[in-house]
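Notes to accompany the following structure.
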Amino acid sequence: MSGREGEKAGDRDGYKKGEREMRLVNNFFGEFGGRYVAEILNPPLEELKREFLKAMEDDEFKSEFESVSAEYTGRPTPLLFAENTTRMLGGGRIFIKLEGLANTGAHKINNVLGQLLLAKRMGKRRIIAETGAGQHGLATAALSAKFGFKCRVYMGKVDIERQRPNVFWMELYGAEVVPVEGVSGTLKDAVNEALRDWASSFEDTHYLLGSALGPSPYPDMVREFQSVIGKETKKQMEERGEKIEALVACVGGGSNSIGFFYPWLSYPWPSSKTPRLIGVEAGGSGDNIGEHAARMSGSGRPGIVHGYKSLFLLDDDGQVTPTHSVSAGLDYPGIGPQLAQLGKDGRIEFTKASDEEALTAVKTFAKNEGIVFALESAHAGAAALKLAPQLPKDRAIVINMSGRGDKDLFILAERMDRDNWHKFLRSIV
Ligand SMILES: *Cc1c(COP(=O)(O)O)cnc(C)c1O
């Protein structure tokens, strides 16, 4: 990967500090972003950018995105007033955007749908994707089945062992799940392997990247496709006449948060009328290297990994360090470039929640509201539980529940009801 190509590919006038207007494709967000890839990947990235910009002007694309979203994904997803939790805390009114009720269980499907429709327009027949915990792979496999694409998902060998249920679902949808050994056998090795595949297959293959990161145009494209979450939320809150004080979302690579925050990014700021935007990272089990994935709220350093410049958890040699979170979707060592810049500007506030706080949040919302948060989303829930008591009663806080917790059964039961769970597991083998 060459830095010089990255500098060349990006025009640095895309997003400047203090400038609230966003363009559709920025390449750079302040100092972060770019396209730091092997030269051979420039043509498919340019093709993708062209097709994306064309699609954004095309009513037919928009209407297909909307109709599949309605009849397949189940959009709009509901917005729930968390009445009992609000009463329990006695502060601001808590709302939950139930993005986890989308088909396949999380927000990932929005981006997958957008990119698959682009792949169709570009005449591609094969889809490749990387996956960590398997949620992005699952959404990609499901929609590839629906649209008739051949689908291959790269997944770290270690992740395959840890996430057997999602591997089972992906294969049921007809996808080929390919184990990647690499250095750690996890997500970062899977991304590298997918990029390698794409370098020799882009004639007929689209690389469906799963978060708002990677080389340009992915960060912009993924944000646009995920912005459906924020747009719906804004409308749903306006219809109820609610005054939003803060929006809270968990941050792995950053796709659910940037899509959720999107409509408010163009608001004047700072201003008392503009909601606070709060990103919550994985505080994990401690502050030492390998115990968390806190980049903005912890110790992220500038670096270039996976084709873009951003903040990463790096050691003194510039190598990516191990991370940990109880939630498999928040342990990526980097963060999308636009979020990194917005965090540096102070527009987005970053905080973290620990493994224990996330587990407590899962229990609290399950008992109070009859809703099971995904462990990732429960980090946002935990931050909201802390913030709500400090707010006046006429102000609202909205949590993005990026996923539902069904997928976490094995982790939750292990943590919350170990003996009975083990007894059950022994009884079925
Ligand atoms: C993948 C995932 C995340 C983290 O990814 P982002 O790109 O930061 O949104 C969060 N929540 C759920 C449920 C996920 O599946």
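Descriptive notes on the structure:
- Protection proxy ranking of 103-114, 369-380, by the mean of other Cβ atoms within 10 Å over each peptide's residues and highest first, is 369-380, 103-114.
- When both bridge partners sit in the chain, DSSP labels roughly 30% of those beta bridges antiparallel.
- The loop-placed trypsin sites (Lys or Arg not before Pro) in segment 183-282, going by DSSP, that have at most 14 neighbouring Cβ atoms within 10 Å of their Cβ come out as R240, K273.
- Charge dipole magnitude, Cβ of K and R +1, D and E -1 - segment 107-219, Cα centre, debye nearest 20: 400 debye
- Gap separating the Cα centres of segment 132-195 and segment 352-397, nearest whole Å: 30 Å
- The mean accessible area for residues of the chain, using a 1.4 Å probe and ignoring ligands and nucleic acids, is 41 Å² per residue.
- Altogether, the Stokes-Einstein calculation at 10 °C and 1.306 mPa s, with the Kirkwood radius of segment 107-219 over Cα pairs as Rh, returns a diffusion coefficient of 117 µm²/s.
- ³J(HN,Hα) computed for each position of segment 233-242 - Karplus, 6.51 cos²θ - 1.76 cosθ + 1.60, integer Hz, glycine/proline x: 4, 4, 5, 5, 6, 5, 4, 8, x, 8
- Relative contact order, percent, the chain [alpha-carbon distance under 8 Å, six or more residues apart]: 19 percent
- Applying both filters, DSSP loop and at most 13 other Cβ atoms within 10 Å, to the GluC sites (Glu not before Pro) of segment 32-92 gives E57.
- Cα-derived Rg over Rh, computed across the chain with Rh taken as Kirkwood radius: 0.94
- The loop-placed GluC sites (Glu not before Pro) in segment 125-187, going by DSSP, that have at most 15 neighbouring Cβ atoms within 10 Å of their Cβ come out as E181.
- Residue-averaged [θ]222 nm for the chain, counting only DSSP H segments that reach four residues, each worth -39500 (n - 2.57): -13000 deg cm²/dmol
- The alpha carbon centroids of segment 82-126 and segment 263-335 are separated by 21 Å.
- With contacts taken as Cα pairs under 8 Å at a separation of at least 6 residues, segment 107-219 carries a relative contact order of 32 percent.
- A70-Q390 FRET efficiency (beta carbon distance; Förster radius 30 Å; 0.05 resolution): 0.20
- Dividing the C-alpha radius of gyration of segment 165-296 by 2.2 N^0.38 Å, with N its residue count, gives 1.32.
- Spacing of the two label points (7 Å from each Cα toward its C-beta) at S266 and F147, in nm: 2.6 nm
- GNM flexibility winner over the chain from I399, I258, I244 (Cα, springs under 10 Å): I244
- Once C-alpha pairs closer than 8 Å and six or more residues apart are averaged by separation and normalised to the residue number of segment 104-160, the relative contact order reads 39 percent.
- Take each peptide in 388-396, 356-364, count the other Cβ atoms within 10 Å of every residue, and average; sorted highest first, the result is 356-364, 388-396.
The values are calculated or read from the model by the stated rules, or taken from the named source; none is laboratory data. Everything numeric in this text was worked out from a predicted model, so none of it was measured. Virtual Cβ from ideal backbone geometry, glycine too; neighbours counted across all protein chains shown. These accessible areas exclude ligands, DNA and RNA; they are computed on the full protein's heavy atoms, side chains included. Shrake-Rupley method; radii C 1.70, N 1.55, O 1.52, S 1.80 Å.
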